[in-house]
Amino acid sequence: MWFRALARYFNLFPCPLCGEGDGDGAGLLCPECLAALPIVPPESPHCPGCGGVPDGVLAMCRACVRCGERPWQDAATVMEYSGEGARFMKRFKSGYAPELARPLGYLAARKIRKLGWHADLVIPVPLRFFRRWRRQYNQSELFASRVGAELDIPCRDALVKLPGGGKQAGMTRAQRLKNRLRFAVKDPEILRGRDIILVDDIFTTGSTLAAAVKALRKADPRMIYVLSGARTPLRRTLIRRLRRG
Ligand SMILES: [Zn+2]
Ligand SMILES: [Zn+2]
C-alpha cells in the first residue's frame, strides 16, 4: 500500500497514453485517458460480424450485412476507430509505442471473458516482411501476445502472408481478384480441432481477416473467433465500392 502511494507520488508508473496521470503500475491507462476512449461496452449487444454495436434492427450491423463474408463464429472489438480511439491506434501502429499493447490487451481480455469465449490459441494476422522490417514490431502480434498473456492462452505466429494483396486502388475487378490477399498456415498440426482467436489491429472491411480465416480453415480448427483493437465505422462510399467488388 505504501509502495503504491509512493509510486503515485513520484509518478513511477505514468499512463502510457498521455505520459502523465497514474498508469496504475500495470501499464494500464489513467482514468482520464480511459474515459476518453470510445470503448465498445463489454456488456452491450454486439455484431457477430465485426464486434461493433449493431446499428439497426438486425443482430448484425449494416456494414456487415452489406459486405457479406464473415466466416467466423463471433467477433469482438475493443473500441471504435474514431476520435481518441483513432489517435490511440495510430500511435500503436506507428511502430514506436509498444507500451500501448498492454492496456489494449487488458481491455480485450476483459471483453473476451465477458463474452465467454473458450480458446486454445491466439494467432496474430502477420505483416508482410518489408512492413515488419520498416516498423519496430508487428502491432497485431504484440497485441495478440498480450491477450494471450492476460487469458493464459499460448500465442502462436501460425500464419504467413503470401505475395500479392497490395493496394487495390485503380485496379479493375479482374486485377483485384488476382491481387487478393492470401495467407498460408505454417504448422497445421497445432490447429486441428482447436478453438482459435485470430487477432488484427484494425477491422475495416473484414477482408484481411476473411482471407486469414480461409487459410486457417484448411487446418481444420473447431472454432474461429476474431478480435480487433478498433473497428472503423464504414462510410457509405466504401460500402458501395465493396459491393461492386
Ligand atoms: Zn493518460
Ligand atoms: Zn458488424
Alpha-carbon centroid distance for the pair the range 189-232 / the range 58-134, whole angstrom: 11
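With r defined as the distance between the Cβ atoms of LYS90 and HIS118 and R0 fixed at 35 Å, what FRET efficiency is calculated, to the nearest 0.05? Walk me through the numbers before you get to the answer.
Numbers: r = 33 Å, r/R0 = 0.94.
Once the sixth-power term is evaluated, E becomes 0.60.
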Length gained when the stretch LEU162-GLU189 is fully extended (0.36 nm per residue, less Cα-Cα span): 7.7 nm
Long pairs among LYS90/LYS111; LYS114/LYS186; LYS93/LYS161, criterion Cα-Cα beyond 29 Å: LYS114/LYS186
Residues of type aspartates and glutamates that LYS218 reaches as a straight line, Cα spacing below 18 Å, ignoring anything fewer than 8 places off in the same chain: GLU69, ASP120, ASP157, ASP187, GLU189, ASP195
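Here, each number is a calculation from the coordinates, and none is a lab measurement. For clarity, every value in this text was computed on a predicted model and none was experimentally measured. Don't worry about glycine lacking a Cβ; one is built from the backbone with ideal geometry, like all the others, and counts go over all protein chains shown.
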